[in-house]
Amino acid sequence: MISRADTAVPASRPSILPWAAYPDWEAIYADNVGRIYRLMFAKVGNRPDAEDLTSHVFTAALGPLRPGAEIGQVRAYLTATARTVLAEHWRRTLGHQVTEIDPDDIDLADQAPGAGEADNAGADAHAQRILEALPERYRQILVLRFLRGYTIRQAATELGVTVTNAKVLQHRALRAAARVENKADKEGEAP
């Protein structure tokens, strides 16, 4: 006769009690490196940066974090450290703090119509002269991306190319536009 306890499905992995402690630094690292790496990869989207940021997290945590700390405390501390390291990475990479703007919080009706249009007229003419100096394909990608506000995927669809091709095209177009701008500056005249 089979008892009811024999038919129960065994758990694949016993759960770790949050108050259990890590015996040493190797255990802390081994248990958390995968989780921190996945977090960083999800935020930066590339392997080299994710690996670098993961190492920064553990380096930053090395001093204040002590072996023998409870698992829950270690995980919370490493997650908080990861947020700080990631914020510093974006500040350093982009040169400014990354802020998410919610369009629902901005009331565009409060903006005065035509505000800043006089200042923009000269910039618009300057941008138009640069665009006219570029080959047609470069002009198209820049107009779609920066004047019409298309995403890279939308611009790729509009141009009938892959997303990767659109990224390369945009990069080359921006470099060509910079060359046009630099040439005009050297000649002392607007393009």
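Give me a count of the residues in the range 144-168 that are within 18 Å of residue 127 (Cβ to Cβ) and either surrounded by 15 or more Cβ atoms within 10 Å (Cβ to Cβ) or modelled with pLDDT of 90 or more (or both).
Residues that pass the stated criteria total 5.
Considering each of 66, 75 in turn, give the residue that is closer than 14 Å to residue 22 by Cβ and part of a loop (DSSP other than H, G, I, E, B).
One residue alone meets the criteria, 66.
The values are calculated or read from the model by the stated rules, or taken from the named source; none is laboratory data. This structure is a prediction, so every number in the text was calculated from the model and none was measured. We place every Cβ from the backbone using ideal geometry, glycine too, and count neighbours over all the protein chains shown.
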